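Asker: Have a look at this one before I ask anything.
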Amino acid sequence: MHGMNPIGKTTGRLRRHARSVRRIATILVLFLWGSVAFAQEEEHNLHLHDPLSVSPGLGWPELIEETLLNYPRFMELAARDAEAKALSKRGARWLSGSPAAYAGYMSDRALDDTNMVEYDVGLELPLWRWDQRSAAKKLGSAADSESTAAAAALRHQVTGLLRNALWDIERAVVQVSVAEKGVAIATDLLRVVTRRHEAGDLPLTDTLLAQSALLEREAALIESKAILTDAERAYRSLTGLDRRPANIVEAPNLREELNAAHPWLVMADAELARAEAELDLVVDSAKGAPVLTLGSRRERASFSDYYVDSVGLQFRLPFGGSAHRGAQTADNLRAVSAARADRAQLMRQLELDLHEAHHTLVVVDASLVLTRQQSELAARGLQMSERAFEQGEMTLFELLLQQERAQNAEMETARLEIERQRAIAEINQALGEGP
């Protein structure tokens with residue numbers, strides 16, 4: 001049996017290698033075509049969105065006020081204020097309710113017809129019970145405090161939404177910046193690989209691989225821009241503005257515990273005070289309001305042609321009826337209990353939020369120390385890999401892996417830097433402090 005010709009073996013290996021190269025080239029070309037089409041479509045969608053302008057003159061006070069005016073719940077504040085004024089005005093009145101006039105007529109013409117006739121006119125004045133007016137004044141004052149607290153709480157809520165929206169934008173901006181840097185590095189690498197391929201130093205597969213790496217970087221850039229577009233749209237929807245502040249970095253607050261001045265705690269205290277004031281007023285009102293009646297009468301007796309005029313004073317004071325009063329005050333007693341429970345639940349949630357924000361900051365600080373070191377090592381490794389590739393000591397695939405490692409380390413460091421500033425803002429938000 002004769003052995004196979006060595007030349008035939010070599011020719012077969014070359015043919016198989018050529019077929020493998022063609023298959024790889026075909027796959028990469030198809031990938032490039034699909035990526036280019038996707039990139040063109042995404043670029044078209046991004047161009048439909050106008051980016052926000054950065055305004056150095058836009059500060060937090062102006063931004064919060066503009067956002068409040070654009071916030072749907074802002075209209076509730078006017079209604080709360082009007083209610084508080086109405087309740088205060090009622091407590092300042094001398095009467096507990098609206099006065100009522102009455103008139104009456106009586107005659108026996110349709111019956112005995114003895115010439116008897118009687119006319120009555122008068123005025124009924126509902127009065128306050130003992131301490132009832134004080135309870136009404138207390139309710140008006142509590143409603144006024146609640147209205148003021150609601151405005152402060154809504155302002156604090158809007159501030160928290162702004163903090164989240166702005167830091168979402170900052171994170172997206174950093175991602176776009178890192179992605180643009182990755183595209184620039186991949187573009188330079190493709191230029192080098194193409195030149196060396198034309199000089200015969202590198203195969204076609206390396207050129208296609210460099211083109212594929214560039215398209216991956218461009219796709220990542222488009223995705224980062226899409227995230228930035230979504231963050232800017234959310235900000236524009238929240239604020240109604242086409243500009244954002246240039247500097248949103250906040251100083252960390254050294255206070256570690258909540259205090260009673262927190263806007264939501266003030267709001268909860270005001271709601272509890274109002275519920276208690278409403279209960280006191282309902283307790284007094286359920287006893288019934290005394291009524292003072294001032295009346296005048298003109299009458300003519302039977303079998304007489306003479307009229308007699310008189311005036312009278314009448315005072316009515318309800319009493320008893322404890323069972324009815326208990327039923328009327330039951331809802332208010334439940335409202336007071338609910339307000340106390342809501343405040344306790346709010347306090348627990350605020351403490352959890354503050355603890356979580358502090359914990360996040362500690363974790364991020366510890367992670368940043370390691371990530372910065374990893375980023376520095378990856379950057380140095382990339383420089384060494386680039387020199388090794390230029391000298392032919394490293395393959396293009398290995399260089400691309402090192403580039404990917406360096407970019408991921410840089411991206412993670414940038415992300416943690418943003419998360420650190422966001423954690424500081426969340427601590428301030430949990431403490432009830434403004435920026």
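Asker: Is it fair to say Ala186 is in contact (Cβ under 8 Å) with a residue 40 or more places away in the chain, in a helix (DSSP H, G or I), closer than 30 Å to Ile424 by Cβ and touching a helix residue (DSSP H, G or I) at 6+ places or on another chain (Cβ under 7 Å)?
Answerer: The answer is no for Ala186.
Asker: Can you name the number of the only condition in (1) without any contact (Cβ under 8 Å) to a residue 24 or more places away in the chain; (2) of a type in the set (Val, Ile, Thr); (3) out of contact with any Leu (no Cβ under 8 Å at 6 or more places or on another chain) that Thr360 fails?
Answerer: If we test Thr360 against (1) without any contact (Cβ under 8 Å) to a residue 24 or more places away in the chain; (2) of a type in the set (Val, Ile, Thr); (3) out of contact with any Leu (no Cβ under 8 Å at 6 or more places or on another chain), just (1) comes out false.
Asker: So Glu124 passes all but one of these: (1) of a type outside the set (Ser, Thr, Tyr); (2) surrounded by 13 or more Cβ atoms within 10 Å (Cβ to Cβ); (3) under 30 Å from Glu276 (Cα atoms). Which condition number does it fail?
Answerer: Failed condition: (3).
Asker: While we're looking at this one, here's another question. Filter the range 202-235 down to the residues that are buried (at least 18 other Cβ atoms within 10 Å of the Cβ) and touching an Asp or Glu at 6+ places or on another chain (Cβ under 7 Å) and list them by number.
Answerer: Listed by number, the residues that qualify are Leu221, Ile222, Ala231.
Asker: Among the candidates Asn115, Asn70, single out the residue that is surrounded by 11 or more Cβ atoms within 10 Å (Cβ to Cβ) and on the phi > 0 side of the Ramachandran plot.
Answerer: Among Asn115, Asn70, only Asn115 is surrounded by 11 or more Cβ atoms within 10 Å (Cβ to Cβ) and on the phi > 0 side of the Ramachandran plot.
Asker: Is there any pair with a first residue in the range 272-298 that is in contact (Cβ under 8 Å) with a residue 24 or more places away in the chain and a second that is among the basic types (Lys, Arg) and part of a loop (DSSP other than H, G, I, E, B) whose Cβ atoms are under 9 Å apart and which are 6 or more apart or on different chains, and what are they?
Answerer: Asp284/Arg129; Ser285/Arg129; Lys287/Arg129; Gly288/Arg129; Ala289/Arg129; Pro290/Arg129
Asker: With the requirement that a residue be touching a strand residue (DSSP E or B) at 6+ places or on another chain (Cβ under 6 Å) and surrounded by 11 or more Cβ atoms within 10 Å (Cβ to Cβ), what does the range 73-105 give you?
Answerer: Passing the criteria: Leu95, Ser96, Gly97, Pro99, Ala100, Tyr102, Gly104.
Asker: Which count do you get for residues in the range 274-307 that are of a type in the set (A, V, I, L, M, F, W, C) and in a strand (DSSP E or B)?
Answerer: Matching residues across the range 274-307 total 3.
Asker: Restrict the check to the range 274-290 and report whether at least one residue is modelled with pLDDT under 90, among the small types (Gly, Ala, Ser) and out of contact with any Phe, Trp or Tyr (no Cβ under 9 Å at 6 or more places or on another chain).
Answerer: Yes - at least one qualifying residue is present in the range 274-290.
Asker: Also, I was wondering about something else. Just one of (1) more than 30 Å from Val121 (Cα to Cα); (2) out of contact with any Asp or Glu (no Cβ under 6 Å at 6 or more places or on another chain); (3) at pLDDT below 85 trips up Ser375, so point out which.
Answerer: Condition (2) is where Ser375 drops out.
Asker: Arg348 - would you say it is farther than 26 Å from Ser134 by Cα and either surrounded by fewer than 17 Cβ atoms within 10 Å (Cβ to Cβ) or in contact (Cβ under 8 Å) with a residue 40 or more places away in the chain (or both)? Even if it seems obvious, please write down each step before you answer.
Answerer: On the way: farther than 26 Å from Ser134 by Cα: yes; either surrounded by fewer than 17 Cβ atoms within 10 Å (Cβ to Cβ) or in contact (Cβ under 8 Å) with a residue 40 or more places away in the chain (or both): yes.
So Arg348 fits the description; yes.
Asker: If you don't mind, another one. Kindly list, by first and then second residue, each pair from a residue in the range 52-75 that is within 19 Å of Ala231 (Cβ to Cβ) to a residue that is exposed (fewer than 13 other Cβ atoms within 10 Å of the Cβ), limited to pairs with Cβ atoms under 6 Å and residues at least 6 apart or on different chains.
Answerer: If the second residue must be exposed (fewer than 13 other Cβ atoms within 10 Å of the Cβ), the pairs left are Val54/Ala246; Asn70/Gly240.
Asker: Check Arg244 against each of (1) in a helix (DSSP H, G or I); (2) surrounded by 21 or more Cβ atoms within 10 Å (Cβ to Cβ) and name the one condition it does not meet.
Answerer: (1)
Asker: Given the structure, is Ser310 assigned to a strand (DSSP E or B) and exposed (fewer than 13 other Cβ atoms within 10 Å of the Cβ)? Walk me through how you get there before you give the answer.
Answerer: Working: assigned to a strand (DSSP E or B): yes; exposed (fewer than 13 other Cβ atoms within 10 Å of the Cβ): yes.
Against the criterion (assigned to a strand (DSSP E or B) and exposed (fewer than 13 other Cβ atoms within 10 Å of the Cβ)), Ser310 qualifies.
Asker: Given the criterion touching a Ser or Thr at 6+ places or on another chain (Cβ under 9 Å) and in a helix (DSSP H, G or I), identify the matching residue among Arg171, Arg163, Arg133.
Answerer: Unique residue meeting the criteria: Arg133.
Asker: If you don't mind, there's one more thing I want to ask. Which of the following residues is in a helix (DSSP H, G or I) and under 18 Å from Leu265 (Cα atoms): Ser375, Ser337?
Answerer: Ser337
Asker: Listed residues Asp201, Asp242; which is modelled with pLDDT under 90 and of a type outside the set (Lys, Arg)?
Answerer: On the way: Asp242 fails: modelled with pLDDT under 90.
Selected residue: Asp201, the only one of Asp201, Asp242 that is modelled with pLDDT under 90 and of a type outside the set (Lys, Arg).
Asker: List every residue pair whose Cβ atoms lie under 8 Å apart, where the two residues are 6 or more positions apart in sequence or sit on different chains, the first residue falls within the range 194-214 and is within 17 Å of Met394 (Cβ to Cβ), and the second residue, located anywhere, is hydroxyl-bearing (Ser, Thr, Tyr) and in a helix (DSSP H, G or I).
Answerer: From residues that are within 17 Å of Met394 (Cβ to Cβ), the pairs are His197/Thr207; Thr207/Thr194; Ala210/Thr194.
Asker: Here's another thing I want to ask about it. Would a scan of the range 422-432 turn up a residue that is within 26 Å of His197 (Cα to Cα) and touching a Leu at 6+ places or on another chain (Cβ under 9 Å)?
Answerer: no
The values are calculated or read from the model by the stated rules, or taken from the named source; none is laboratory data. Being a predicted model, the structure only gives us computed values, none of them experimental. Here the Cβ is made from the backbone with ideal geometry for all residues, glycine too, and neighbour counts use every protein chain on show.
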